[in-house]
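Please read the structure below before turning to the comments.
The values are calculated or read from the model by the stated rules, or taken from the named source; none is laboratory data. The structure presented is a predicted model; accordingly, all values stated were derived computationally and were not measured. Every residue, glycine among them, receives a Cβ derived from its backbone with ideal geometry; neighbour counts consider all protein chains shown.
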Amino acid sequence: MTIATANLKKVTKKVPVRGMMDNVMEQFNSAAGQINLHPNIRKILSITNNEIIVNFPVKMDNGDVEIFQGYRVQHNNALGPYKGGLRYHPTVDIDAARALAMWMTWKTSLAGLPYGGGKGGIKIDPSKYSLSELERITRRFTFALADNIGPEHDIPAPDVNTSSQTMAWIADTYMSTRPPAERTANQHVVTGKPDGSGGLEGRDRATGYGVYLSIKFWADKNETSLKDKTFIVQGFGNVGYWVAHFLEKDGAKLVGVQDAFGSIHNPKGITVEDLFKYIKINDGSIVDFPNSNAVDKNIFFTLDCDICIPAALGNQITKDNAAKIKATLIAEGANGPTNVEGEKILLERGITIIPDILCNSGGVVGSYFEWLQNRNGEIWQLDEVMAKLDKKMKESFNKVYDYALNEGVDLRTAAFCIAIQRIEKAYIQRGIFP
């Protein structure tokens, strides 16, 4: 199996997405009330700027033609071009894309980046298609979206079930539609590309490293060590693997993992690299990993641990399991993994949540570095990238942590308040056209 196919054969289990938009709106309205957001700006930020649905035909390997539906939602671009991932998953729909696009707006604002928020994808189970079919689907989707994306307008990136290979196909297709003299100037139409095709060295680990850094910064603030801390990870794809890799290097112990195929547990510890090697020869699955016990998927979040890292899909921690979670820290590697009802229970129990728009923002920060690298015709080295990422993440974490302490609010409310205030300032200074 090639790396490309391994990356594309990730999470395919259908999970509920109903309520994602309700969650993000409740989070937004709570923060807007906290900062007394101007009612006119509240109206603007409550809706999306553009919602694009494309239906396009693709010829399959057997000669049949299938029609696919793709989405791109552009929420807000007050601070800069729309920015956000493309996911290939059966749960992709316009409502989920709206919620994810709004979260991207807050995420890029909080990180201090010159971006707005967008999100999209194709309603598809990629495991049912060959690599050549996925290439044709991706290229045809790009062609259908071509007038609605661009390096200074809307910049997609990888997300669930998409990879650097997917981004390479998108970049090549988009660049091919430009006049010859303009093609190389459009390489930054997407980020998350392979190293040899304009990608940033270290972009593959940026999101997971950012989650790890958020946990480390939290530990430092609370004068505790990560050594011998136990943690569980839901999702062992790009994000889950890298956060586990860096936590283990700091002396923490992985005791539980869940993916689309099953859940495993070993209170004595699971070696991260051994599990990574195992899934590469086991079709991406953690099932039957040696020296581990299978556990029911419904009790995974209740396993004994210090840190819980949901790094798969949204709406995983709810009122149904929040009361039984034993971790004292939730670090959100996924987008929207904790719904509003679940969060209320966790906060009442004194459990700390590092919110997604802060915790997993390493990915979009890395994307920004790649965008700059392409734009300026530069090549950045891995150590330089990691140092810049560390600095940027620490600035964001400290702002959120200090705001939460000073205002007496939880970390998510603090993160939303800071993000929204930055956008509000832009609108106040620039005014509303005309």
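Tabulated data for the structure shown
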| item | result |
| --- | --- |
| Residue within the range 231-249 that is of a type in the set (Gly, Ala, Ser), assigned by TED's automatic domain parsing to the domain that holds Ile122 and in contact with a helix residue (DSSP H, G or I) (Cβ under 7 Å, 6 or more places away or on another chain) present | no |
| Scan of the range 286-314 for residues that are assigned to a loop (DSSP other than H, G, I, E, B) and free of Cβ contacts under 8 Å to residues at least 60 places away in the same chain, ordered by number | Ile286, Val287, Asp288, Phe289, Pro290, Asn291, Ser292, Val295, Asp296 |
| Search result, residues across the range 26-65 that are out of contact with any strand residue (DSSP E or B) (no Cβ under 6 Å at 6 or more places or on another chain), without any contact (Cβ under 8 Å) to a residue 60 or more places away in the chain and not β-branched (Val, Ile, Thr) | Asn29, Gly33, Asn36, Pro39, Arg42, Lys43, Ser46, Asn62, Gly63, Asp64 |
| Given (1) in contact with a Pro (Cβ under 9 Å, 6 or more places away or on another chain); (2) surrounded by fewer than 24 Cβ atoms within 10 Å (Cβ to Cβ); (3) in a helix (DSSP H, G or I), number of the condition Glu152 does not satisfy | (3) |
| Filter pass, Arg178 being at pLDDT below 95 and within 17 Å of Trp371 (Cα to Cα) | no |
| Selection count, the range 378-395, where residues are surrounded by 15 or more Cβ atoms within 10 Å (Cβ to Cβ) and in a helix (DSSP H, G or I) | 8 |
| Filter result (assigned to a helix (DSSP H, G or I) and in contact (Cβ under 8 Å) with a residue 40 or more places away in the chain) within the range 191-204 | Arg203, Asp204 |
| Options Ala146, Ala101; residue that is among the small types (Gly, Ala, Ser), touching a residue at least 12 places away in the same chain (Cβ under 8 Å) and buried (at least 23 other Cβ atoms within 10 Å of the Cβ) | Ala101 |
| Positions within the range 68-95 being more than 19 Å from Ile137 (Cβ to Cβ) and either in contact with a helix residue (DSSP H, G or I) (Cβ under 8 Å, 6 or more places away or on another chain) or buried (at least 24 other Cβ atoms within 10 Å of the Cβ) (or both), in sequence order | Val73, Gln74, His75, Asn76, Ala78, Leu79, Gly80, Tyr82, Lys83, Gly84, Asp95 |
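For every residue, the table says whether it meets (1) farther than 30 Å from Lys392 by Cα; (2) at pLDDT 95 or above; (3) part of a helix (DSSP H, G or I).
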position: Ile52; (1), (2), (3): yes, yes, no
position: Ile67; (1), (2), (3): yes, yes, no
position: Val73; (1), (2), (3): no, yes, no
position: Arg87; (1), (2), (3): no, yes, no
position: Thr91; (1), (2), (3): yes, no, no
position: Thr108; (1), (2), (3): no, yes, yes
